[in-house]
1. In nm², what is the average projected area of the convex hull enclosing the Cα atoms of the stretch A:1-70?
2. Report, in debye and to the nearest 20, how large the dipole of the stretch B:6-223 comes out about its Cα centre when Lys and Arg carry +1 and Asp and Glu carry -1 on their Cβ.
3. What would the Debye formula give as log10 I(q)/I(0) at q = 0.13, 0.18, 0.19 Å⁻¹ for the alpha-carbon point model of chain A, no solvent?
4. Considering chain B as a Gaussian network with a 10 Å cut-off on Cα pairs, which listed residue, B:Ile69, B:Ile81, B:Ile95, attains the greatest mean-square fluctuation?
5. Simple spin-label model, 7 Å along Cα-to-Cβ: B:Arg176 to A:Gln35 in nm?
6. In deg cm²/dmol, rounded to 500, what helix-only [θ] at 222 nm does chain A give when every DSSP H run of at least 4 residues adds -39500 (n - 2.57) and the total is split over its residues?
7. I'd like to know which of B:Leu190, A:Leu92, A:Leu25 lies farthest towards the positive end of the charge dipole of the protein assembly as shown, counting +1 on Cβ of Lys and Arg and -1 on Cβ of Asp and Glu.
8. Could you please state, rounded to a whole Å, how far the C-alpha centre of the stretch B:19-61 is from the C-alpha centre of the stretch B:69-107?
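FYI, it's all coordinate maths here, none of it is from the lab. If you're wondering where the values come from, they're calculated on a predicted model, not measured in any experiment. Quick reminder, even Gly has a Cβ in these numbers, built from the backbone with ideal geometry, and neighbours come from all protein chains shown.
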Amino acid sequence: MKVITANFVTCAVKDCKTSPASFPLHFQDAELEQQELDFQPEFIRNILPRIDWQALRTISNELGFPSLPDSKPEEEALNNEQTLKDLHRLLLETHVTEGKLTCGNCGHSYMIKEGIANFLLPSHLV
Amino acid sequence: MTSQQPGEAYEQQNVHEVYQQIAQHFSATRYKPWPIVERFLTSLTPGAVGIDVGCGNGKNLMVNRDVFIIASDRSENLARIALQHQPHSTVVADILDLPHRDASFDFAISIAVVHHLSTPARRVQAVAEIMRTVKRGSEMQEGGKILIYAWALEQKNSRRGWDKGDEQDRMVPWVRKGDQPQTFHRYYHLYAEGELERDIDNAGGRVLESGYEKDNWWAIATPKTAHDV
């Protein structure tokens with residue numbers, strides 16, 4: 001599962017969606033892998049406005065990466081190729097291959113196995 | 001244990017388990033996106049973020065690499081095949097309990113999926129769940145757009161030959177070829193003319209455009225705003 005995915009998903013339990021504690025989900029016991037992907041600076045520039053920066057900082061910290069800047073790179077900073085490369089590496093090339101994603105509201109954990117997160121709910125949570 | 005009553009257990013047995021079994025062969029026969037799907041996906045702004053619910057083998061993830069799609073499928077075997085399509089992402093999820101965030105996405109597609117839900121209420125719920133994830137329109141921004149396809153009852157020129165007035169709820173055979181051919185049956189609800197638009201309306205959507213393409217009904221919709229109610 002690419003790190004960027006965690007920026008767009010939350011708990012599958014309906015009642016959790018309105019709780020701020022359900023986003024972002026928290027990675028636990030994460031095993032990471034880098035998978036190379038062509039660097040497209042335009043793609044990163046275009047996608048960045050859709051990224052919830054505070055959530056990405058939390059996710060990045062929990063995965064043990066160096067802290068991201070306090071605020072989202074904008075304008076001039078988007079011409080800095082190294083900044084875009086670093087984001088490309090974090091968002092698209094970093095995969096969580098095994099581990100869990102846990103909801104901060106209900107405590108339910110979703111398993112990640114062989115790179116795929118499984119959001120199917122057990123019957124008592126549907 | 002078998003279930004004859006429409007609902008979750010029935011779909012588990014007559015849809016989900018079948019796709020798990022036929023994933024490889026099914027995928028090998030599904031490689032070309034349909035024209036309306038292609039048009040919808042190529043017209044998106046670069047950097048748009050969307051979802052593909054019931055992505056199957058991910059054939060629609062190949063259309064546009066300038067947008068980002070969080071795809072999902074109920075079948076882990078199919079989701080695993082879809083995973084290869086860059087730069088997108090695939091998860092396993094149920095259409096009625098999607099993990100995608102509320103009102104966050106620029107677009108959504110769900111192609112040949114809602115016809116696998118076995119009650120009218122569950123079909124409307126499925127559309128409502130997809131609708132929940134896309135951006136609400138306002139005077140400042142356009143609402144997110146969703147494209148939905150469902151198999152049509154009116155397909156008298158197809159190999160199956162069904163038409164208006166025929167039974168809409170059916171078990172449709174899938175023959176898995178190979179050394180030992182095996183037949184599986186999947187449940188389908190065939191949509192009558194106007195039914196998809198009605199479901200979208202009941203799910204809180206406003207239909208922007210709709211039509212018929214090769215044995216399927218399709219519609220493009222956006223969440224209703226205060227102006228529409």
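1. Numbers: hull surface 23.3 nm².
That works out to 5.8 nm², a quarter of the Cα hull's surface.
2. Computed charge dipole of the stretch B:6-223: roughly 560 debye.
3. The Cα Debye sum returns log10 ratios of -0.54, -0.97, -1.06.
4. Ranking B:Ile69, B:Ile81, B:Ile95 by mean-square fluctuation puts B:Ile81 first.
5. Between B:Arg176 and A:Gln35, the simple spin-label model gives 2.4 nm.
6. -5500 deg cm²/dmol
7. Most positive-ward Cα: B:Leu190.
8. Between the Cα centres of the stretch B:19-61 and the stretch B:69-107 lies a distance of 11 Å.
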